[in-house]
Amino acid sequence: MIGTSWIRRQDMEDPLLNRLLQERGLDDVPFFARRLPARENHMRRWMELTPERDGAVAPNTGSDRTPAETAGDIKALARELGADMVGMVRLRPEFLEIDTETDHDWVIAIAVHEHYDTVLGGPDAVDVEAFRVYAHCAEIATGLARHIRENLGHEARAHHNGGTEIQAIPVLHQAGFGELGKHGSLINPEFGASFRPAFVTTTLPLEADTPIEFGVQDYCVNCRLCDQACPADAIPPSDQFIETGGLKRWLVDIEKCYTACRLLPEYCHLCVDVCPYIHKENGNAETKNIFKAFLAERKAAGFGTAKSGAAASVGENTRDRVRGFR
Amino acid sequence: MSTVKDLADLALAMLDGGETRQASLLGTEFSIRYTGPDPAPEISADVCTPETVRLTPEWEGACTLKVMAPLNVLEISWNQGEAVRIMAFSRGSWEDALKSAIANAPR
């Protein structure tokens with residue numbers, strides 16, 4: 001199989017980000033220029049795991065487990081390793097980066113949630129929490145891939161922040177993790193959009209999961225919270241979307257998004273923070289209270305709400321003003 | 001499945017020598033903009049690798065093509081004889097609309 005999907009790379013590997021830096025006379029990405037020891041440690045962890053993405057495969061001794069049973073075993077192991085969500089689908093060319101070749105025919109998705117009360121704790125807190133979760137995802141994917149190679153005798157390759165050829169959102173959608181939201185992230189009924197993924201591609205025969213629907217695409221049409229909160233005005237109005245495979249995709253304007261999430265020296269996570277699906281489906285009263293208090297804090301700090309129509313603006317110290325009130 | 005080059009070539013063909021065009025194709029509102037030499041140099045089938053992008057931060061493209069349908073679904077930059085650099089690319093039904101428009105264009 002040869003991949004057909006273009007994947008936006010991070011940092012200086014993205015030509016768009018390079019162009020924006022050049023236009024502004026910057027040599028480095030302001031977001032990454034900031035030094036946070038805890039974040040550096042998490043990044044170091046997934047870089048340490050990069051050489052372990054792939055490896056030698058033990059002889060396949062055969063197994064009497066059916067694909068469905070094997071899928072159940074893999075899910076149990078992933079959860080044991082710390083995954084909050086696990087799903088799997090057949091690998092397709094559109095899930096793989098352009099020109100990537102592989103013999104693998106399955107992709108396993110895992111995800112770990114971010115702690116909502118932690119991410120609301122300020123720009124440093126959300127930054128470190130996101131990187132912590134990414135590092136944990138890298139550990140889980142590495143462990144799963146190693147298990148498949150060494151104990152089950154099948155090829156397996158981990159995909160995470162230390163290296164990936166997988167287009168995340170379509171895989172997560174097909175694996176039943178959730179529906180695509182207007183902010184461009186997948187929304188899960190239990191964790192909202194506040195989670196991070198990693199993947200394993202493999203030759204191990206599995207049983208496919210299926211997409212889920214719980215009304216997100218319809219709800220997003222009328223909910224203005226993320227697009228009003230976006231300090232870069234990067235989320236399009238409800239009536240501007242493209243369709244891919246029958247799904248509405250309100251493509252985020254990445255050039256605008258970068259002005260808030262890469263060209264400022266702090267982490268932007270606002271579109272996820274204000275997404276009501278953090279509590280809407282799971283019915284968690286405590287999370288709902290935190291969510292409502294956060295929106296109230298934003299309103300009190302002078303930031304726009306869906307009703308007032310006044311969005312925050314890039315250049316203000318947005319996150320400092322809306323986080324860390326507790 | 002169409003490649004980036006296939007789609008970019010179609011978009012350039014829609015311009016028919018002009019720099020911009022706005023049109024409704026099969027119900028999709030398109031806005032296509034090209035900047036660069038006329039005629040546009042051939043778009044390479046090769047996509048610039050992330051490693052090359054990282055190693056050439058000062059790179060500048062003489063040509064840019066941006067397709068809005070109605071959002072930014074394809075944006076590339078290139079120089080003659082070099083691999084193309086993708087700024088944005090999202091697959092979707094706009095691809096079929098573009099292909100149909102070309103197929104049905106008067107000759």
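Couple of notes before you dig in:
- No other residue among B:Ala40, B:Ala88 is more than 9 Å from chain A (Cβ to nearest Cβ), in contact (Cβ under 8 Å) with a residue 12 or more places away in the chain and among the small types (Gly, Ala, Ser) apart from B:Ala40.
- Qualifying residues in region A:236-257 (those that are in a strand (DSSP E or B) and facing chain B (nearest Cβ under 8 Å)) - the one surrounded by the fewest Cβ atoms within 10 Å (Cβ to Cβ): A:Glu243
- Among the residues listed as A:Arg35, A:Arg39, A:Arg45, the single one being away from every other protein chain (no Cβ under 12 Å) and surrounded by fewer than 15 Cβ atoms within 10 Å (Cβ to Cβ): A:Arg35
- Hits in region A:1-12 (condition: within 12 Å of another protein chain (Cβ to nearest Cβ) and either aromatic (Phe, Trp, Tyr) or over 24 Å from A:Asp124 (Cα atoms) (or both)): A:Ile2, A:Gly3, A:Thr4, A:Ser5, A:Trp6, A:Ile7, A:Arg8
- Residues that are among the small types (Gly, Ala, Ser), at the interface with chain A (Cβ under 10 Å from one of its Cβ atoms) and in a loop (DSSP other than H, G, I, E, B) within region B:61-85 comprise B:Gly61, B:Ala69, listed in sequence order.
- Selection status of B:Gly61, on the phi > 0 side of the Ramachandran plot and not basic (Lys, Arg): no
- Boolean, A:Val89 is away from chain B (no Cβ under 14 Å), in contact with a His (Cβ under 8 Å, 6 or more places away or on another chain) and in contact (Cβ under 8 Å) with a residue 12 or more places away in the chain: no
- Any chance A:Asp27 is outside any strand (DSSP E or B), out of contact with any Lys or Arg (no Cβ under 6 Å at 6 or more places or on another chain) and either within 14 Å of another protein chain (Cβ to nearest Cβ) or surrounded by 13 or more Cβ atoms within 10 Å (Cβ to Cβ) (or both): yes
- For region A:15-24, the set of residues classified as away from chain B (no Cβ under 11 Å) and either without any contact (Cβ under 8 Å) to a residue 60 or more places away in the chain or assigned to a helix (DSSP H, G or I) (or both) is empty.
Rule-based calculations on the coordinates, nothing more; no lab input. Because the structure is a prediction, the values reported are computed rather than measured. FYI the Cβ positions are ideal-geometry reconstructions off the backbone, even for glycines, and counts take in every protein chain you see.
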